[in-house]
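S.K.: Structure provided below as structure tokens; questions to follow.
Bear in mind these aren't lab numbers, they're just calculated from the coordinates by the rules spelled out. Note that the structure is predicted; figures quoted are calculated from it, not measured. Reconstructed Cβ throughout: ideal geometry from the backbone, glycine too, with neighbour counts over all protein chains shown.
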Amino acid sequence: MSVDLFGMSLNPWADAAIRLQLVVAFMTVVVMGLIYAERKILARFHQRVGPQKTGPRGLLQSVADAVKLVGKEDLRPAAADPWTFELAPYFVFIPIFLGFVIVPWVQGWNVRLLELGILYFVAISSISIVGWVMAGWGSDNRYAIIGALRAAAQGISYELPLVLALLSASMLAGSLQLDKIVEFQSVVPLIVWQPLGFFIFFVAALAELNRTPFDIPVGESEIVGGPFVEYSGIRWSMFFLAEYAGMLIMAFVGSSVFLGGYSWPFGEDFGLPFQMLLAAGKGGLFIFLIFWVRASVPRLRIDQLMGYSWKILLPFSFLQILINGFVLVYGLPHIILLITGVLSLGLLFWVTEGIVKRPLQPRRRRARAIAVQEAEVS
Amino acid sequence: MVEVLSQTSDQSAEFETQDLLLNVGPQHPSTHGVFRMVMTVDGEVVRDVIPYIGYLHRGAEKLCETMDFRQGIGFMDRTEYLAAFNAELSYVMAVEALADLEVPERAQWIRMILCELNRLSSHFMFLGAFGVDTGVFGTPFIYAWREREALIDLFEEVSGDRMMYAYFRPGGIAWDVPVNFVDRVREVLISATQGIDDFDSLLSENEIFLARTQGIGSISAERAIALGMSGPSLRASGVDMDIRRDEPYLKYDQVEWDVITGEHGDVFDRYYCRVMEMRESIKIINQCLEHLAPGPILPEKMPRMLRTPPGEVYLRTEAPRGEYGVYMVSRGGNRPYRCKVRSSCLSNLQALHELTVGEYMADAIVILGSIDIVLSEVDR
């Protein structure tokens, strides 16, 4: 058995290794570009200029940062657990890069198109939570351990809506294989039939990536970087790289599943360069949304975050699956999906707003805590 | 190394849990300076908080005793560096009361304009820092900084310094304002109004911001008074008290404006009181500009070296953070025998324990931000 790669006939293992190497090399460069893009875009939101001194228009800022980080001392606190501390970055970094295996960049450009692609993706990407907990525990720092436990709670909670949202999309497409889902959308992208699913996916993706407003595990203004507080130099940059690589893969999976990936909506095919443009444009749109959210909203609190996942997102993702099931089983027209999707999205916003705007009152928990204290004093 | 207190929490039926001692500060991004609080957290809930102050103590009050009345002004700037005009005002007014000096009209109006502008710049600083405390990445901070920058440029044109103005003098002001002062103030007020509107749309109406601030860290009016809070932090609890209106100094009795009070005394009310207060400040300044007429800026007979008769005085003004009072004793001569600053930040900080205990750890940061302390005023 052999596989063709650029016209060469290769052993499947060697072929996969070469493809993965190519993707990893490509990714590292793209991630550096992303970091630059985030700095520039956020600077525009802030009415600043952003990086401008390193190279033309500051284009080499990421390179300068990388050189600085590599040159820094790789510190380990004396009381830290050596193995957990030093291995943690790999546990965060490797699963995220393994996720790139299933992404169909454009037609025919991929590492492997697994039949259970989405399942593989959600399974492998959630392993990085272990790395977060290891980093927090190994650092022997209280901020780090609080951050690690928050990361674990958050990662597990938001995994469910994420999986269910992806599942509802793949129900319609009839496959878990990403390129089949993309082909299914060659006429109408799934976001039209699954607006609620897309919203849930986007929110859960923000939480999975620990981006604002769900950057609770790193909470810069409270726990000062969370699990990464003790890391420096190259190990810290691996966390950083993993964060942006995770964002990129989430953007590409999201755009493949909901926006149609490299396909043009009305079933026409304009060839490879156009496909690349489409894939980059849709992925870029997704990433831009993430940046935009980061520049404009405050951080949630841990109880609000958990409540939002379990009390709102999870029931609504079940609702989406239920609707999809009815439509598929009884062969109803797809327009029903659009109508119910928009209605339930409205319902979701309404419920959320109702929860936020509840009448103000000093919390019962606070009163109880004061009572506990007074009891201790007396 | 993770030390734990030996107390156990009350729901330890199956497994034992222990409270965690968490040291926040003195170097922490959200303690607004060198402030340290040691929190005892049970999971995410704060069970106890002990504030430690004094890292920034420079003995400004003691130093004032060795300086003559003119030199003391500079130390007052440094106690309250975000609202230095207001701090200077209390000091020079105390000296004026001791020396029985009459301040000319024009100097009073200029003082009033500058103090209200300083209130704006100080509150903008609060809005920016508070936005960062709630977790927005930089946006409110930079927005606030933009408006504050315009105000500080104006202060520089007037006094020659961006933060430590030393512009007020016992009896008046050091020198007259630039000729284009009125136009410049109008210009700055337009951009400041726009800036406040920006904050309303960025934060005040943001659902996540509301969820993070409403109902958090509330304090009743009785407790707020008992703890000696003042300024917007007190008014947020519904206490209708403003020294500018109750004991008018300068020309506050000649302008029309409202005292803003809150209702619930929670973090959001403390925030929103400040936002509304800024709009009132703009109203005050606009009226002051109409009253501003040419005239002398110092009394006719001003001695080269100011000496006061023996006596003592306590004089308080409404600074952006609350009551900023100066207690001054003179035994004759050209320097105070004793100068004591009543700091609004220190009194407001007393409420921290009561506000924070029982809230989530993340809220403790937001609550500390909502009290709006300036550490150099707390420690002096």
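S.K.: Of the residues A:L332, A:L149, A:L190, which exhibits the maximal mean-square fluctuation in a Gaussian network model of chain A defined by a 10 Å Cα contact cut-off?
M.R.: Largest GNM mean-square fluctuation: A:L332.
S.K.: A follow-up question, please. Computed from the mean reciprocal separation of all distinct C-alpha pairs, what Kirkwood hydrodynamic radius does the range B:165-315 have, in Å?
M.R.: Hydrodynamic radius (Kirkwood, Cα pairs) of the range B:165-315 is 18.6 Å.
S.K.: While we're here: State the Cα centre-to-centre distance between the range B:69-115 and the range A:19-43 in whole Å.
M.R.: First find each Cα centre; the distance between them is then 56 Å.
S.K.: If packing is taken as the average number of other Cβ atoms within 10 Å across a peptide's residues, how do B:358-366, B:20-28, A:226-234 rank, most packed first?
M.R.: B:358-366, A:226-234, B:20-28
S.K.: Would you work out which of B:S376, B:I216, B:V275 lies farthest towards the positive end of the dipole of the range B:60-379? Charges go on Cβ: Lys and Arg +1, Asp and Glu -1.
M.R.: Checking the options against the dipole of the range B:60-379, the answer is B:S376.
S.K.: OK, next. Decide, for the range A:1-71, between rounded, prolate and oblate: order the square roots of the alpha carbon gyration tensor eigenvalues as a ≥ b ≥ c, take rounded if a/c falls under 1.5, and otherwise choose prolate if a/b is larger than b/c, else oblate.
M.R.: Prolate is the answer for the range A:1-71, as a/c is 1.5 or above and a/b outweighs b/c.
S.K.: A further question on this structure: Mind pulling the per residue volume of the convex hull built on the Cα atoms of the protein assembly as shown? Å³ is fine.
M.R.: So the per-residue Cα hull volume is 204 Å³.
S.K.: I've got another one for you. Across the residues of B:205-216, average count of Cβ atoms on other protein chains within 10 Å?
M.R.: Shielding by partners across B:205-216 averages 6.
S.K.: Would you order B:M76, B:M328, B:M276 from fewest to most other beta-carbon atoms within 10 Å of each residue's own beta-carbon?
M.R.: If I rank by nearby Cβ atoms, fewest first, I get B:M276, B:M328, B:M76.
S.K.: Using only atoms on other chains, find how many Cβ atoms lie within 10 Å of each Cβ of peptide B:352-360 and report the average.
M.R.: For this peptide, the per-residue mean of nearby foreign Cβ atoms is 4.
S.K.: Distance in nm between label sites at B:M164 and B:Y55, each 7 Å beyond Cα in the beta-carbon direction?
M.R.: Here the modelled spin labels are 2.1 nm apart.
S.K.: Then there is this: How many angstrom separate the Cα center of the range A:82-105 from the Cα center of the range B:120-158?
M.R.: Using only Cα atoms, the two centres lie 40 Å from each other.
S.K.: In which sequence would B:H353, B:H264 go, from the one with the fewest C-beta neighbours within 10 Å to the one with the most?
M.R.: B:H353, B:H264
S.K.: Based on other C-beta atoms within 10 Å, arrange B:F75, A:F85 from fewest to most.
M.R.: In order of increasing Cβ crowding within 10 Å: A:F85, B:F75.
S.K.: Measure out, as a whole number of angstrom, how far apart the alpha-carbon centroids of the range A:155-231 and the range B:161-226 sit.
M.R.: Their Cα centres are 40 Å away from one another.
S.K.: Now a separate question. Looking at chain A, do any whole DSSP H helices span at least 27 angstrom along their long axis by alpha carbon and average -0.5 or above on Kyte-Doolittle, and which?
M.R.: Once both thresholds are applied, what remains is A:12-45, A:142-173, A:233-254, A:272-296, A:335-356.
S.K.: Springs between alpha-carbon atoms under 10 Å, Gaussian network over chain B: tell me which of B:S191, B:S343, B:S281 tops the mean-square fluctuations.
M.R.: Maximum fluctuation in the GNM of chain B, among the listed residues, is at B:S191.
S.K.: If the viscosity is 0.890 mPa s and the temperature 25 °C, what Stokes-Einstein diffusion coefficient in µm²/s follows for chain B when Rh is the Kirkwood radius over Cα pairs?
M.R.: 113 µm²/s
S.K.: Hey, another quick one. For chain A, what is the mean residue ellipticity at 222 nm derived from helices alone (per DSSP H run of n ≥ 4: -39500 (n - 2.57); sum divided by total residues; nearest 500 deg cm²/dmol)?
M.R.: The helix contribution divided over chain A gives -21500 deg cm²/dmol.
S.K.: Identify all lysines with a Cα-Cα distance to A:K311 below 17 Å; exclude those on the same chain that are fewer than 8 residues away in sequence.
M.R.: Reachable lysines: A:K357.
S.K.: Continuing with this model, one more query. How about B:K62: which lysines have a C-alpha closer than 23 Å to its C-alpha, ignoring those fewer than 8 places off in the same chain?
M.R.: B:K340
S.K.: Quick one: grab the alpha carbon gyration tensor of chain A, order the square roots of its eigenvalues as a ≥ b ≥ c, and give me rounded if a/c is under 1.5, else prolate or oblate depending on whether a/b is larger than b/c.
M.R.: Here chain A falls in the oblate category.
S.K.: Can you give the average number of partner chain beta-carbon atoms within 10 Å of each beta-carbon in peptide B:126-136, as a whole number?
M.R.: 4
S.K.: So how far apart, in nm, are the two label points at B:D197 and B:S220 if each is 7 Å from Cα heading toward Cβ?
M.R.: 4.2 nm
S.K.: Near A:K68, which aspartates and glutamates are there with a Cα under 18 Å away, not counting those fewer than 8 places off in the same chain?
M.R.: Leaving aside aspartates and glutamates fewer than 8 places away in the same chain, those within reach of A:K68 are A:E230.
S.K.: Counting each pair of different Cα atoms once, what's the Kirkwood radius of the range B:112-213 in Å, rounded to one decimal?
M.R.: About 14.7 Å, per the Kirkwood formula over Cα pairs.
S.K.: Would you mind telling me which residue in A:I339, A:I355, A:I191 has the biggest mean-square fluctuation in a Gaussian network model of chain A, where springs connect alpha carbons within a distance under 10 angstrom?
M.R.: Residue with maximal mean-square fluctuation among A:I339, A:I355, A:I191: A:I355.
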